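The values are calculated or read from the model by the stated rules, or taken from the named source; none is laboratory data. Being a predicted model, the structure only gives us computed values, none of them experimental. Reconstructed Cβ throughout: ideal geometry from the backbone, glycine too, with neighbour counts over all protein chains shown.
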Amino acid sequence: MICGLFLVAACSTPEPAVTPSTTAGEEALTASEALGEYSSLDYCSLVDQRKVIGGGNAVKPPLASFEFCRLEFVEGANRYTVTTGPITSGQDPNNQPYEYAGPLPEGVSVQRSTFNEDIACTRLLTFADGIRLSIAVTSDDTAPADQADRCRIADATVDGAAGVIAARKAGRLNLDQRSWGRVAPCAQLDQHELDAAAGPETKPAPALSGHSCIRGKVSFSLSVGADTTPGATEALGGRQVQVTTSGAFCQVTTHRPIPGTPDRVEQAMLSVVGVDGAPEDATCAAAREVAAAVFPKLP
C-alpha cells in the first residue's frame, strides 16, 4: 500500500481544487504560500495537540518524519493514531466532497477519502493549486461504531492545521548536517548503474515532498522511524541492511542514528518491483544491486 500511495504522489500532476470563492481583497491560498519549502516542512508544526488529543493522553512524543507527523494517544479504552501528511496532488477517485463546518483560509477546502473508510477516517486539506495535505486517523478498535470518533478527531486535526496555516506559522525541520533529510533522492537514482534494474529509458520522478523518488521499477524514500530492534541484517554497500519482500516488491532498508535522539532513526529504503512472473530471488538480486550503488553515497 505504501508503495502504491508513493507512486501516486510521485507521478501525478496537480488538478484544480474545488474551493470556495474568495472575498474581495483576499487571494486564494496556494500550498507553497501556506507551507513554504516542502522539503523542509515540519508536519508536526501543523498539529495542535491540544485540539487533537482533547481529553486523551499522548502515548509518546509525536514522530516528526520528513513527509508526515504521527501522533498516538489513548482516549478511554481505545488507542488512536493521527497521521498528518504527506502532501499529494492529481486526480483520485477516492476523494469526495465534504461539508466541513470549521473556518478555513481563503481558497482552501476539505474533502474526505473513501479509501479504507471502514477502518480509517481521512480528510484532505486542499489548497487553491490542487495540492492536498492528507490527515488520517486510525484506531486499535476498528469497529464501524468507532468511525464517528475517528472522524471527530480527524476534523479536530483539520481545525488545528487550518489555524496554523491561516496564521502562516508552519515550522521547519531542524536537520543536522549529515541528515538524510538533506539528501535529494532523485539524484541518487540518476545513475547509469541503475539502468538495468530501473529500465534504461526511465527518468527519476520526484514526489512533491522532495524525500521520495521513483525511476521505473525502482523507488527510493527517506524517512524517520522509531528505533526498533532490527531483524536479520546483512552487509551491503558498506552498511548493515535488511532485505524484505512485500507482494511483488523487494525492499532494502538501512538506518542512521539521529544524534541526541536515541529513540528515533533515519531510514533509507530502496524498493524494486518485480515484473509479472519474475521469481522473488531475481527481484531481490536487483534490489541488492541498486542498494550497492546508492547506499555508499549517503552521508
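Does residue 149 satisfy the condition of being assigned to a helix (DSSP H, G or I), surrounded by fewer than 22 Cβ atoms within 10 Å (Cβ to Cβ) and assigned by TED's automatic domain parsing to the domain that holds residue 42? So that I can check it myself, show each step before the final result.
Numbers: assigned to a helix (DSSP H, G or I): yes; surrounded by fewer than 22 Cβ atoms within 10 Å (Cβ to Cβ): yes; assigned by TED's automatic domain parsing to the domain that holds residue 42: yes.
Yes: the conditions hold for residue 149.
Specify the residue that is modelled with the lowest pLDDT; the eligible residues are those in region 29-87 that are of a type in the set (D, E, K, R) and farther than 15 Å from residue 138 by Cβ.
In the first step, residues of region 29-87 are kept if they are of a type in the set (D, E, K, R); the result is 33, 37, 42, 48, 50-51, 60, 67, 70, 72, 75, 79.
Of the ones still in play, those that are also farther than 15 Å from residue 138 by Cβ are 33, 37, 42, 48, 50-51, 60, 67.
On the way: 33: 95, 37: 94, 42: 98, 48: 97, 50: 95, 51: 96, 60: 88, 67: 96.
Per the criteria, the residue is 60.
Residue check: is residue 117 buried (at least 21 other Cβ atoms within 10 Å of the Cβ), under 21 Å from the mean Cα position of the chain (by Cα) and assigned to a loop (DSSP other than H, G, I, E, B)?
On the way: buried (at least 21 other Cβ atoms within 10 Å of the Cβ): no; under 21 Å from the mean Cα position of the chain (by Cα): yes; assigned to a loop (DSSP other than H, G, I, E, B): yes.
For residue 117, the condition - buried (at least 21 other Cβ atoms within 10 Å of the Cβ), under 21 Å from the mean Cα position of the chain (by Cα) and assigned to a loop (DSSP other than H, G, I, E, B) - is not met.
Would you mind stating whether residue 100 is over 19 Å from residue 119 (Cβ atoms), at pLDDT 95 or above and among the hydroxyl-bearing types (Ser, Thr, Tyr)?
Working: over 19 Å from residue 119 (Cβ atoms): yes; at pLDDT 95 or above: yes; among the hydroxyl-bearing types (Ser, Thr, Tyr): yes.
For residue 100, the condition - over 19 Å from residue 119 (Cβ atoms), at pLDDT 95 or above and among the hydroxyl-bearing types (Ser, Thr, Tyr) - is met.
Within region 78-100, restricting attention to residues that are in contact (Cβ under 8 Å) with a residue 24 or more places away in the chain and not in a strand (DSSP E or B), which residue is surrounded by the fewest Cβ atoms within 10 Å (Cβ to Cβ)? Walk me through it before giving the result.
Going residue by residue through region 78-100, those that are in contact (Cβ under 8 Å) with a residue 24 or more places away in the chain are 78-92, 95, 97-98, 100.
Imposing the further condition that a residue be not in a strand (DSSP E or B) reduces the set to 89-92, 98, 100.
Values: 89: 21, 90: 16, 91: 11, 92: 17, 98: 16, 100: 18.
Only one residue tops the list, namely 91.
Consider residue 75 carefully, then state whether it is buried (at least 20 other Cβ atoms within 10 Å of the Cβ), in contact with a helix residue (DSSP H, G or I) (Cβ under 9 Å, 6 or more places away or on another chain), of a type in the set (D, E, K, R) and touching a residue at least 60 places away in the same chain (Cβ under 8 Å).
On the way: buried (at least 20 other Cβ atoms within 10 Å of the Cβ): no; in contact with a helix residue (DSSP H, G or I) (Cβ under 9 Å, 6 or more places away or on another chain): yes; of a type in the set (D, E, K, R): yes; touching a residue at least 60 places away in the same chain (Cβ under 8 Å): yes.
No, not satisfied.
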